[in-house]
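*Asks:* Submitted below is the structure of interest, expressed as structure tokens.
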Amino acid sequence: MPSLLPSTARTLLARTARAQRDGRVPALVAGVVRDGALVWSTGRGEITEPHQDVQYRLGSISKTVTAITVLRLRDEGRLDLDDALDVHLPGTPLGGRTVGQLLSHLAGAGSESPGQWWERAPGTTLEGLGLSAADVVLPAARRFHYSNLGFGLLGELVARARGRSWAEVARDEVLAPLGMTRTTTRPSGRAAQGYAVHPWADAVQVEPEHDAGVMAPAGQLWATATDLARLGAFLLGDTGGVLSPDTLEEMTIPAGIDSSAATWSSYGLGVQVQRVGTDPARPGPVLVGHGGSMPGFLAGLWVDREEGAGALVLANTTSGLDNGLTAALLADLRAAEPRIVDPWTPQSSPVPLELLGPWYWGPSPYVLRAIPGGLLHLGGLGRPGRTSRFRPGPDGTWVGLDGYFAGETLRLDPVALNLATFVFTRTPYDPAAPVPGGVDEGGWG
């Protein structure tokens with residue numbers, strides 16, 4: 001496989017070794033993904049080699065796979081994210097909540113399924129859960145509330161839509177096409193034993209493993225480092241035809257978060273999205289991925305899409321591992337071997353050049369630029385302002401991709417830019433433009 005510089009590999013090894021020792025992890029595997037491949041990995045502790053081919057429980061990283069199966073149905077026109085759950089999975093107390101709300105943990109569903117703790121007790125069917133009004137704990141779309149139950153319901157939706165089990169759909173439509181042949185719902189072949197480590201002594205105890213039934217889509221997958229690296233490559237853009245690039249991009253859009261803030265943590269559609277770093281003047285990178293935990297196991301997969309790199313960890317312990325290890329590995333990689341970006345090359349403007357440059361919203365200066373990918377960018381000039389990118393629409397208009405104007409329509413005119421009810425003019429309150437409320441005849445005095 002491609003490799004890193006020896007000095008970089010040593011830095012990553014030193015950090016991983018310290019995390020395994022300080023976290024008292026029986027066996028820890030860590031790896032780095034770049035250029036679509038696992039370019040570095042190591043195993044620490046009681047490791048069976050080759051460490052890249054030993055299965056570990058992924059826990060909630062399984063939710064990303066479940067989300068992909070749902071989004072494939074949406075892309076086929078079989079459902080809409082605004083559909084009520086009842087349309088596809090009738091008879092639950094969450095029937096009025098939408099598919100999209102379930103995917104982004106905004107449906108107000110209870111965090112866990114009723115009955116015994118599903119992560120440590122054999123699973124049952126949807127009917128066996130005996131859901132009731134008590135499993136709806138918050139109003140819809142009011143606040144983020146992480147819900148394993150919600151993803152169990154999404155897996156059941158997929159199973160009923162496809163006419164076969166969620167596990168079969170995930171295998172045939174996601175795992176196999178991505179080449180993740182060592183990812184299964186139960187341990188298969190070479191697999192790590194899960195342990196709990198005593199909090200006050202260096203003693204371990206075996207943790208149980210079972211079939212979670214209807215809750216399996218929330219956290220039951222097992223995978224090797226090699227397979228998890230392939231999922232990392234998927235999140236970095238190598239979708240293998242499983243999803244379109246546009247749908248992958250949609251997965252990574254944070255729900256309900258001001259993404260211009262220096263640091264934040266959110267959830268997209270089946271993935272966690274967070275900006276790391278603490279300096280407001282120098283915001284850190286945005287990472288996309290998921291953490292995972294099940295009794296006896298901890299896992300993490302995070303990618304920096306701007307840097308084109310990812311990091312993964314797999315551990316066979318219930319608790320103790322530093323959950324910042326993946327982000328730290330990515331920071332080490334960025335510092336030691338930063339990505340060399342593609343060279344700049346001239347491109348034709350998607351709009352006439354005379355439409356680009358400074359515009360004013362009232363007295364506030366903005367600038368409209370053409371940016372790579374055939375997009376436009378509108379943002380404050382020399383000071384903070386509402387910022388958005390725009391893609392071409394079907395009728396000569398432009399549609400906001402992000403920021404304040406996401407989803408809004410931009411209409412270009414040599415005299416004025418019309419965006420929602422905003423009118424941007426070539427000079428501050430240009431009297432020749434249709435400024436709402438008109439322009440005082442006295443002008444600027």
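Please treat every number below as a calculation from the coordinates, not as lab data. Everything quoted here is computed from the prediction, not taken from an experiment. Note that each Cβ is placed from the backbone with ideal geometry, even for glycine, and that neighbours are counted across all protein chains shown.
*Asks:* Compute the long axis of helix 325-336 from its Cα atoms, compare it with the longest principal axis of the Cα atoms of the chain, and write down the angle in degrees, 0 to 90, nearest 10.
*Replies:* Value to nearest ten degrees: 60.
*Asks:* In a solvent-free Debye calculation with one equal scatterer on each Cα, what is log10 I(q)/I(0) for the range 250-383 at q = 0.17 Å⁻¹, listed in the order of the q values?
*Replies:* The Debye formula, applied to the Cα set alone, gives -1.09.
*Asks:* Let me know the volume per residue of the alpha-carbon convex hull for the chain, in Å³. Mind showing how you got there, number by number?
*Replies:* Details: hull volume 78.7 nm³, N = 445.
Per-residue hull volume (Cα only) is 177 Å³.
*Asks:* Computed over the Cα atoms of the range 82-151, what is the convex hull's projected area averaged over all directions, in nm²?
*Replies:* About 4.3 nm², averaged over all directions.
*Asks:* I would also like to ask the following. To the nearest 10 degrees, how steep is helix 62-75 against the longest Cα principal axis of the chain, on a 0 to 90 scale?
*Replies:* The angle comes out near 50 degrees.
*Asks:* Could you size up the charge dipole of the range 353-425 around its Cα centre, putting +1 on the beta carbon of Lys and Arg and -1 on that of Asp and Glu, and report it in debye to the nearest 20? Intermediate results must be reported in sequence, preceding the final value.
*Replies:* On the way: 6 positive and 5 negative charges, 45 e Å.
It works out to roughly 220 debye.
*Asks:* Given +1 on the Cβ of Lys and Arg, -1 on the Cβ of Asp and Glu, and no further charges, what dipole in debye does the chain carry about its Cα centre, rounded to the nearest 20? Walk me through the numbers on the way to the answer.
*Replies:* Values: 36 positive and 45 negative charges, 154 e Å.
Its charge dipole is roughly 740 debye.
*Asks:* Something else now. Under a GNM of the chain (C-alpha, springs under 10 Å), which listed residue has the highest mean-square fluctuation: A223, A336, A133?
*Replies:* Sorting by GNM fluctuation, first place goes to A133.
*Asks:* Got a sec? Charge dipole of the chain, +1 on Cβ for Lys and Arg, -1 for Asp and Glu; which of A212, F144, A30 is way out at the positive end?
*Replies:* Selected residue: A30.
*Asks:* What base-10 log of the normalised intensity I(q)/I(0) is obtained for the range 1-160 from the Debye formula, alpha carbons as equal point scatterers, at q = 0.14, 0.17 Å⁻¹?
*Replies:* -0.84, -0.96
*Asks:* If you average the alpha carbon positions of the range 81-146 and of the range 272-342, how far apart do those two centres end up, in angstrom?
*Replies:* A separation of 29 Å, based on Cα centres.
*Asks:* What percent does the relative contact order of the range 353-425 come to when contacts are Cα pairs within less than 8 Å and at least six residues apart? Each step should come with its number before you reach the end.
*Replies:* Numbers: 148 pairs, mean separation 15.9, N = 73.
Over the range 353-425, the number comes to 22 percent.
*Asks:* Which of these, G59, G256, G362, has the largest mean-square fluctuation under a Gaussian network model of the chain (Cα springs below 10 Å)?
*Replies:* G362
*Asks:* Let me ask something else. Loop-only check: which chymotrypsin sites (Phe, Trp or Tyr not before Pro) in the range 286-395 are DSSP coil with at most 12 other Cβ within 10 angstrom?
*Replies:* Numbers: sites: F297, W302, W344, W359, Y360, W361, Y366, F390; in loops: W344.
Filter output for the range 286-395: W344.
*Asks:* Right, another one. What are the extents of the Cα atoms of the range 353-425 along their three principal axes, listed from largest to smallest and rounded to whole Å?
*Replies:* Between the extreme Cα coordinates on each principal axis of the range 353-425 lie 32, 24, 23 Å.
*Asks:* Moving to a separate point now. Which whole-number percent is the relative contact order of the range 267-326 (Cα, under 8 Å, 6+ apart)? Can you show the working numbers first?
*Replies:* Working: 104 pairs, mean separation 14.2, N = 60.
Value for the range 267-326: 24 percent.
*Asks:* Projected onto the charge dipole of the chain (+1 at Lys/Arg Cβ, -1 at Asp/Glu Cβ, origin at the Cα centre), which of G110, G442, P343 gives the Cα projection farthest towards the positive end?
*Replies:* P343
*Asks:* Here is a further query. Would you mind working out the magnitude of the charge dipole of the range 1-117 relative to its Cα centre, with +1 at each Lys and Arg C-beta and -1 at each Asp and Glu C-beta, to the nearest 20 Debye?
*Replies:* Numbers: 13 positive and 12 negative charges, 133 e Å.
Roughly 640 debye for the range 1-117.
*Asks:* Using a cut-off of 12 Å between beta-carbons, work out the net charge of the residues near E354 (Lys and Arg +1, Asp and Glu -1, E354 not included). Could the numbers behind the result be given before it?
*Replies:* On the way: positive: R426; negative: D413.
With Lys, Arg at +1 and Asp, Glu at -1, the neighbours total 0.
*Asks:* Related question: Please give the helix 148-162 orientation as an angle from the longest Cα principal axis of the chain, in degrees from 0 to 90, rounded to the nearest 10.
*Replies:* The angle comes out near 90 degrees.
*Asks:* Over the chain, what relative contact order in percent results from Cα pairs under 8 Å that are six or more residues apart?
*Replies:* Details: 952 pairs, mean separation 72.9, N = 445.
Answer for the chain is 16 percent.
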